[in-house]
1. Assuming 0.36 nm per residue, please report the length gained on full extension of the stretch T53 to E103 beyond their Cα-Cα distance.
2. Subtracting the Cα-Cα distance from 0.36 nm times the residue separation, let me have the gained length for A69 to E89 in nm, one decimal.
3. Please work out the Kirkwood hydrodynamic radius for segment 72-128, using every pair of different C-alpha atoms, and report it in angstroms with one decimal place.
4. Once you list every other residue whose beta carbon is under 15 Å from the beta carbon of S113, what net charge do they have if Lys and Arg are +1 and Asp and Glu are -1?
5. Summing +1 for each Lys or Arg and -1 for each Asp or Glu, what net charge is found among the other residues whose Cβ lies under 13 Å from the Cβ of Q149?
6. Return the ratio Rg/(2.2 N^0.38 Å) for segment 43-92, where Rg is computed over Cα atoms only.
7. Label S113 and T80 with points 7 Å out from Cα along Cα→Cβ: what is the distance between them in nm?
8. First select every other residue whose beta carbon is under 10 angstrom from the beta carbon of G78; then total the charges, Lys and Arg +1, Asp and Glu -1.
Amino acid sequence: MKHLIALALIACLAASATADDKPEAKKKRAGNRAAGAWMAQNLSKTLETVELTDEQKAKWNEAKTSFVAQMKELKEEGLTPELMKKRTEAQKAAREAGLKGKEMAAKLKEGFSEEEQTWIAKQQKAAKALRVAVAGMLTPEQMAALPEQARKQMTAAKEARNGKGKGKGKGKGKGKQKEDA
């Protein structure tokens, strides 16, 4: 009987010990994150909500490959995850302070060297080009099926591609000037 109780006690201890063992947390893939592949991967997950045709899939893969190559090049030039994190934090602080437009742009340049600003600008240009490429290949039905945030970004990218971006047509053109009375 003592052996049976001891055996049951050992079995309970072993079961609780294995239940306490949790698998290690998934490690972030610093290589991919630093190379910007995470941006493309996030966009890829977003595109899973719409059914892409084979032609669209080929265009997406081409755009993604180009983007990741540009990001790897920027990484080699010196664009680090720490630098991007610093800029993201500065952008968040500027938004919380209520800054917009030129004021925000000026605030985001503070604390960054000319070289760092160049890298950040190249990264933003590459990300915009990726969104423009994706927006250009999606049908209106597919655009409507995207989550709201992605739809806003893609719509803005598509408008920029078609020359309908912000700042166009807002000025006083010929014949629109007010007359002083």
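Every number here is computed from the coordinates shown, using simple stated rules; none is lab data. Everything numeric in this text was worked out from a predicted model, so none of it was measured. For neighbour counting, all protein chains shown are included, and Cβ atoms are generated from backbone atoms with ideal geometry for every residue, glycine included.
1. Length gained, T53 through E103: 13.7 nm.
2. On the way: separation 20, 0.36 × 20 = 7.20 nm, distance 2.55 nm.
Net length gain for the segment: 4.7 nm.
3. Answer for segment 72-128: a Kirkwood hydrodynamic radius of 11.8 Å.
4. Net of charged neighbours comes to -2.
5. Details: positive: K45, R131, R151, K152; negative: E148.
Result for the local shell: +3.
6. Values: Rg = 14.8 Å, N = 50, 2.2 N^0.38 = 9.7 Å.
For segment 43-92, the normalised Cα radius of gyration is 1.52.
7. Distance between label points: 1.1 nm.
8. -3
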